Amino acid sequence: MSENKTVRFIITRQDRPDSAPYEEEFVIPYRPNMNVISALMEIRRNPVNAKGEKTTPVAWEMNCLEEVCGACSMVINGKPRQACAALIDKLEQPIRLEPMRTFPVIRDLVIDRSRMFDALKRVKAWIPIDGTYDLGPGPRMPERKRQWAYELSKCMTCGVCLEACPNVNSKSNFIGPAPLSQVRLFNAHPTGAMHKAERLRAIMGDGGLANCGNSQNCVQSCPKGIPLTTSIAALNRDTTIQMFRDFFGSDEV
Amino acid sequence: MAGNREFYYRRLHSLLGVIPVGVFLVQHLVVNHFATRGPEAFNRAAAFMENLPFRYFLEIFVIFLPLLFHAVYGIYIAFTAKFNTSQYGYFRNWMFMLQRITGIITLIFVVWHVYETRVQAAFGAEVNYEMMANIVNNPFMLWFYIIGILSTVFHFANGLWSFCVSWGLTVTPRSQQVFTYITMLIFVALSIVGIRAILAFA
């Protein structure tokens, strides 16, 4: 405690959704095992910037604090990732924090990820099991398939893959890698497969699968290691078949 | 736009880049390679191509219209991307950017090349060894052609890679990796063919 170690932050802030962003510097006392969240908490406790001026506390979102909810995603030293899993000891200083600007910024590091949830609705990322009577147990899922499908189910809709994608931007309406991979997940499920064609047709719409330009930044950036580009390529194959089925006709649903 | 056409436009764009535009490109480079055997060999080959039956039909439906669609839609694709290689310096991200940049360079090159050769031919000029020799006599034009050929061949080879992904042929990371090697070998091989041909005129 006697050594006066500090941590320097340069944080991109924004007061309102429509106001201009600006940078503010903070120097906070170092504690062992700090992560970016605990550092932001320290700033909130004592909102004084590096010049010694009193300022507003930096706003950010967090929830699970163990890299499974995706809420605290932000751009840390140029890379989008979760603040809770970003350890201060492993970051180069000054640590730069920015919001993931692919999404609308609400305030400081808080962004609005609604577009991802809208995309999940659009691609029907669920398995319909409700009926007016008990439909009974569904078909079994082979264990091998369950294992790879589990990897896809780790997606926490954090938005890192959209932030890294060069084709997700204000000039395009690409829904991004995360919801696409969810289509593969739900199509792999034996009951979900009963609505396979519907999901495939949804991603064959404008702003869908075809917008992928194969930069493969998503798979490099995904904090959960989800094989996003494999999912996209697999869906490319599925939609190719679906396209021919729809045009030439098929008894497959 | 009338409904959801984007998917089909993108698939058509991907397909036309390989068939027939890519096939024509390979054929064109191979025929040009006759120049390495001397002016007479080249002139004979060029005359053979020129006198193919249904020439205008072939030119319009195998070359011009597919190329036009591929070019126009390609410009749209290139300008909807927001390059971020400085932040994400991964190999495929570089290839993503190069594919779009070489696409634009290739378009400029092809427009100029078609104007200098096919359009002039329509105005009565004869397309032969001498015509090309006169063009690349200018060192600036020779370099313009070398850059144009390399850019075109790269765009084609790397485009083959993304064609395989876009149509769902290469799904696993391993198969995509192997196809990266194969398409880059195609890039090197076709570059040699193209550069040898253009230097034969110089």
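Would you point out the residue of region B:1-50, among those that are of a type in the set (Ser, Thr, Tyr) and within 14 Å of another protein chain (Cβ to nearest Cβ), that is farthest from B:Phe69 (Cα to Cα)? This residue is B:Tyr8. Apart from one condition, A:Gln147 fits all of (1) assigned to a loop (DSSP other than H, G, I, E, B); (2) within 30 Å of A:Ala85 (Cα to Cα); the exception is (1). Tell me which residues, restricted to region A:220-240, are open to solvent by 10 Å² or more (accessible area, probe 1.4 Å) and more than 8 Å from every other protein chain (Cβ to nearest Cβ). Those that are open to solvent by 10 Å² or more (accessible area, probe 1.4 Å) and more than 8 Å from every other protein chain (Cβ to nearest Cβ): A:Cys222, A:Pro223, A:Lys224, A:Gly225.
Scanning for something under 17 Å from B:Phe7 (Cα atoms), at pLDDT below 95 and part of a loop (DSSP other than H, G, I, E, B), does region A:184-198 turn up at least one residue? The answer is no, given that none of the residues of region A:184-198 is under 17 Å from B:Phe7 (Cα atoms), at pLDDT below 95 and part of a loop (DSSP other than H, G, I, E, B). For A:Cys64, state whether it is modelled with pLDDT of 95 or more, surrounded by 16 or more Cβ atoms within 10 Å (Cβ to Cβ) and more than 15 Å from A:Gln14 (Cβ to Cβ). So A:Cys64 fails the test. Put simply, of A:Pro47, A:Pro29, A:Pro99 the only residue that is open to solvent by less than 40 Å² (accessible area, probe 1.4 Å), out of contact with any helix residue (DSSP H, G or I) (no Cβ under 7 Å at 6 or more places or on another chain) and either farther than 27 Å from A:Ile175 by Cβ or of a type in the set (Gly, Ala, Ser) (or both) is A:Pro47. Among residues belonging to region B:99-117 that are more than 11 Å from the chain's Cα centre (by Cα) and within 14 Å of chain A (Cβ to nearest Cβ), point out the one that is most open to solvent (accessible area, probe 1.4 Å). Only one residue fits best here, namely B:Ile101. Given the options A:Ala59, A:Ala20, name the one that is of a type in the set (A, V, I, L, M, F, W, C) and in contact with a Leu (Cβ under 9 Å, 6 or more places away or on another chain). The conditions single out A:Ala59. Candidates are the residues of region A:50-59 that are open to solvent by 30 Å² or more (accessible area, probe 1.4 Å) and within 29 Å of the chain's Cα centre (by Cα); the one that is nearest to A:Arg8 (Cα to Cα) is A:Pro57. Restricting attention to region A:150-172, the residues that are at the interface with chain B (Cβ under 9 Å from one of its Cβ atoms), in contact with a Phe, Trp or Tyr (Cβ under 8 Å, 6 or more places away or on another chain) and either more than 19 Å from B:Met95 (Cα to Cα) or assigned to a helix (DSSP H, G or I) (or both) total 2. Residues of region B:118-133 being within 26 Å of B:Tyr56 (Cβ to Cβ) and either touching a helix residue (DSSP H, G or I) at 6+ places or on another chain (Cβ under 8 Å) or assigned to a helix (DSSP H, G or I) (or both), which ones? The answer is B:Arg118, B:Val119, B:Gln120, B:Ala121, B:Ala122, B:Ala125, B:Val127, B:Asn128, B:Tyr129, B:Glu130, B:Met131, B:Met132. Please work out which residue is farthest from A:Arg101 (Cα to Cα), limiting yourself to region A:1-26 and to residues that are open to solvent by 60 Å² or more (accessible area, probe 1.4 Å) and assigned to a strand (DSSP E or B). For region A:1-26, the residue satisfying everything is A:Thr6. Scanning region A:86-94 turns up at least one residue that is outside the structural domain of A:Pro179 (by TED's automatic domain parsing), buried (at least 16 other Cβ atoms within 10 Å of the Cβ) and under 27 Å from A:Pro179 (Cβ atoms). For region A:220-253, the candidate set comprises residues that are β-branched (Val, Ile, Thr) and in contact (Cβ under 8 Å) with a residue 12 or more places away in the chain; within that set, the residue that is farthest from A:Arg199 (Cα to Cα) is A:Ile226.
Give all pairs with beta carbons closer than 9 Å in which a residue from region A:85-99 that is in a helix (DSSP H, G or I) meets a residue that is small (Gly, Ala, Ser); count only pairs at least 6 apart in sequence or on separate chains. Close Cβ pairs satisfying both conditions: A:Ile88/A:Ser38; A:Ile88/A:Ala39.
Results for (1) crowded, with 19+ Cβ neighbours inside 10 Å; (2) within 18 Å of the chain's Cα centre (by Cα); (3) away from chain B (no Cβ under 14 Å), shown as yes or no for each residue.
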| residue | (1), (2), (3) |
| --- | --- |
| A:Pro177 | yes, yes, no |
| A:Gln182 | yes, yes, yes |
| A:Thr191 | no, no, yes |
| A:Arg201 | no, no, no |
| A:Leu209 | yes, yes, no |
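Without any contact (Cβ under 8 Å) to a residue 40 or more places away in the chain, exposed (fewer than 14 other Cβ atoms within 10 Å of the Cβ), farther than 20 Å from A:Ala210 by Cβ and of a type outside the set (A, V, I, L, M) - does that describe any residue in region B:76-83? No, there is no match, as no residue in region B:76-83 is without any contact (Cβ under 8 Å) to a residue 40 or more places away in the chain, exposed (fewer than 14 other Cβ atoms within 10 Å of the Cβ), farther than 20 Å from A:Ala210 by Cβ and of a type outside the set (A, V, I, L, M).
Residues of region B:138-176 that are assigned to a helix (DSSP H, G or I), away from chain A (no Cβ under 11 Å) and more than 18 Å from B:Ile108 (Cα to Cα): B:Pro139, B:Ala157, B:Leu160.
The values are calculated or read from the model by the stated rules, or taken from the named source; none is laboratory data. Only a predicted model underlies this, so the values are computations on that prediction, with no experimental measurement involved. Positions of Cβ are generated from backbone atoms using ideal geometry, with glycine treated the same way; all protein chains shown enter the neighbour counts. The protein model used for the area step is the full one, side chains on, heavy atoms only, and it has no ligands, DNA or RNA in it. Shrake-Rupley method; radii C 1.70, N 1.55, O 1.52, S 1.80 Å.
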